[in-house]
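K.L.:
Structure in C-alpha cells, see below.
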Amino acid sequence: MKFFIDTANLDQIKEAQALGILDGVTTNPSLMAKEGITGHDNILKHYVAICEAVEGDVSAEVISVDFEGMVREGEALAELHPQIVVKIPMIKEGVKALKYFSQKGIKTNCTLIFSAGQALLAAKAGATYVSPFIGRLDDVSTDGLNLIQEIRHIYDNYAFQTEILAASVRHTMHIIDCAKIGADVMTGPLSAITGLLNHPLTDIGLAKFLEDHKKGN
Ligand code: E4P
C-alpha cells in the first residue's frame with residue numbers, strides 16, 4: 001500500500017519523507033490556501049518545492065471546470081515537474097479531460113469521488129488514480145469504507161489499472177481498514193500516519209527494557 005500525505009505544509013511533508021515511508025503527496029486548493037499559498041506564480045513555485053522534497057507523485061489540482069481550461073492548466077502543471085499528477089474533478093468535462101491526458105501519457109488523479117459509478121467512469125476514461133473521499137462520506141452518515149470495497153470489487157472484475165487512492169482519511173483506523181480492503185494508496189494527514197506508531201505496550205515494554213539494561217550495568 002502506498003502512503004501519500006494530504007497537505008501542502010512543507011515541514012510536515014519533509015517530516016513524513018524523513019520517516020522513509022512516504023510515496024507521494026496530495027494537495028487541493030483548500031490545503032494550499034490553508035498554508036497561505038496564493039497567487040498563480042506562488043502556487044506553481046510551491047508545487048515545485050513539494051516535488052523537490054519528496055520522491056513520489058504529487059497531485060496538483062486544476063481550477064478550471066471546462067475541458068479546454070482543464071487541458072490548458074493540466075498541461076502547464078505537468079510541465080512543471082515530472083512528479084506532477086494532474087488532479088481533475090469528477091464532472092462531465094473532467095471525464096473528457098481524463099481521457100485526453102491518459103492518451104497523452106500524463107498521469108491524473110480523479111478527485112471528489114463519492115460513488116462506485118463515478119469511480120467506474122474515471123477508470124474507463126483512463127485515470128491513473130481515483131480519490132474516493134471516505135471521511136466526507138462518514139461525515140454524512142454514509143460508510144466511506146464500503147465505497148472503497150465496492151470500487152475494489154469492480155476494478156478487480158475488469159482488471160482496471162486505475163489505482164484506488166483512499167482520500168479524506170481522518171485517522172489510523174481508516175488507514176488500517178483501507179489496507180485490509182486492498183486500497184492501492186491512502187492519503188491522510190501526518191497525525192494519522194504517525195498515529196500508526198503508537199501502542200502503550202510498546203512504550204511500557206521499551207521503558208522496562210531500558211530500566212533493566214541500566215540495572216545490569
Ligand atoms: C484528497 O486528495 C483530498 O485532498 C483530501 O483527502 C480531502 O480531505 P478532507 O475531506 O479531510 O478535506
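The values are calculated or read from the model by the stated rules, or taken from the named source; none is laboratory data. This is a predicted model, so every value here is computed, not measured. Glycine gets a Cβ as well: all are built from the backbone with ideal geometry, and neighbour counts include every protein chain shown. These accessible areas exclude ligands, DNA and RNA; they are computed on the full protein's heavy atoms, side chains included. Shrake-Rupley method; radii C 1.70, N 1.55, O 1.52, S 1.80 Å.
K.L.:
Give me the percent of accessible area attributable to carbon and sulfur for region 114-202, probe 1.4 angstrom. Could the numbers behind the result be given before it?
P.N.:
Numbers: 2310 of 4160 Å².
C and S fraction of accessible area: 56 percent.
K.L.:
What does the net charge come to around Asn109 if you take all other residues with beta carbon closer than 15 Å to its beta carbon, with K and R at +1 and D and E at -1?
P.N.:
-3
K.L.:
Tilt of helix 144-158 relative to the longest C-alpha principal axis of the chain, in degrees (0 to 90, nearest 10)?
P.N.:
60
K.L.:
Could you sort Phe4, Phe67 by their accessible area in this structure, using a 1.4 Å probe and putting the largest first? Provide the component values of the computation, followed by the final result.
P.N.:
Working: Phe4 0, Phe67 55 Å².
Heavy-atom accessible area, descending, gives Phe67, Phe4.
K.L.:
Next question. Taking a ≥ b ≥ c as the square roots of the eigenvalues of the Cα gyration tensor of region 79-183, is the shape rounded (a/c under 1.5), prolate (a/b larger than b/c) or oblate?
P.N.:
Because a/c hits 1.5 or more and a/b exceeds b/c, region 79-183 counts as prolate.
K.L.:
Among Val65, Val130, Gly36, whose Cα sits farthest toward the positive end of the charge dipole of the chain (+1 at Cβ of Lys/Arg, -1 at Cβ of Asp/Glu, about the Cα centre)?
P.N.:
Projecting each Cα onto the dipole axis, the largest value belongs to Val130.
K.L.:
How large are Rg and Dmax for region 11-84 when calculated on the C-alpha trace, in angstrom?
P.N.:
Considering region 11-84 through its Cα atoms, Rg and Dmax are 12.6, 40 Å.
K.L.:
Continuing with the same structure: Mind putting a number on the dipole of region 2-216 about its Cα centre? Charges go on the C-beta only, +1 for Lys and Arg and -1 for Asp and Glu, and I need it in Debye to the nearest 20.
P.N.:
On the way: 19 positive and 27 negative charges, 49 e Å.
Dipole magnitude for region 2-216 comes out near 240 debye.
K.L.:
Using a 1.4 Å probe on the protein chains only, how many percent of the accessible area of region 1-65 belongs to carbon and sulfur?
P.N.:
On the way: 1580 of 3150 Å².
Exposed carbon and sulfur together represent 50 percent of the surface.
K.L.:
May I ask you to rank Ile176, Ile88 by accessible area, largest first, using a 1.4 Å probe over the protein chains only? Don't skip to the end; give the middle numbers.
P.N.:
Working: Ile176 70, Ile88 0 Å².
Sorted descending by solvent-accessible area, the residues read Ile176, Ile88.
K.L.:
Let me ask something else about it. Which of Lys14, Lys99, Lys87 moves the most in a Gaussian network model of the chain with Cα springs under 10 Å?
P.N.:
Result: Lys14 has the largest fluctuation of those listed.
K.L.:
Shifting gears a bit: Once amide H atoms are built 1.01 Å from N in the peptide plane, which residues 5 or more positions from Ser115, or in another chain, come under 5 Å H to H?
P.N.:
For Ser115, whose amide H was placed from the backbone, there are no distant partners under 5 Å.
K.L.:
Non-local amide H neighbours of Glu61 (under 5 Å, H modeled in plane, Pro and chain starts lacking H): which ones?
P.N.:
For Glu61, the qualifying residues are Lys87.
K.L.:
Could you tell me the largest-minus-smallest coordinate of the C-alpha atoms of the chain on each of the three principal axes, in descending order and whole angstroms?
P.N.:
71, 41, 30
K.L.:
Could you sort Val95, Val185 by accessible area so the largest value comes first, with the probe set to 1.4 Å? Walk me through the intermediate numbers first.
P.N.:
Values: Val95 35, Val185 0 Å².
Reading off the accessible areas and sorting them downward yields Val95, Val185.
K.L.:
May I pose another question? Averaged per residue, what accessible surface does the chain expose to a 1.4 Å probe, in Å²?
P.N.:
On the way: 11020 Å² over 217 residues.
Here the per-residue accessible area is 51 Å².
K.L.:
Something else: Based on DSSP H runs of at least 4 residues, each adding -39500 (n - 2.57), what is the mean residue ellipticity at 222 nm of the chain after dividing by all its residues, to the nearest 500 deg cm²/dmol? Could the numbers behind the result be given before it?
P.N.:
On the way: 11 runs with 119 residues, N = 217.
When only DSSP H runs of four or more count, the value is -16500 deg cm²/dmol.
K.L.:
Continuing with the same structure: Report, in degrees rounded to the nearest 10, the 0 to 90 angle that the Cα long axis of helix 67-80 makes with the longest principal axis of the chain.
P.N.:
The two axes meet at around 50 degrees.
K.L.:
HN-Hα J couplings of region 54-63 from phi, Karplus 6.51/-1.76/1.60, θ = phi - 60°, integer Hz, Gly and Pro as x?
P.N.:
Coupling constants for region 54-63: 10, 9, x, 5, 10, 7, 10, 8, 7, 9 Hz.
K.L.:
Quick one: angle between helix 10-19 and the longest Cα principal axis of the chain, in degrees between 0 and 90, rounded to 10, please.
P.N.:
Once rounded, the angle reads 60 degrees.
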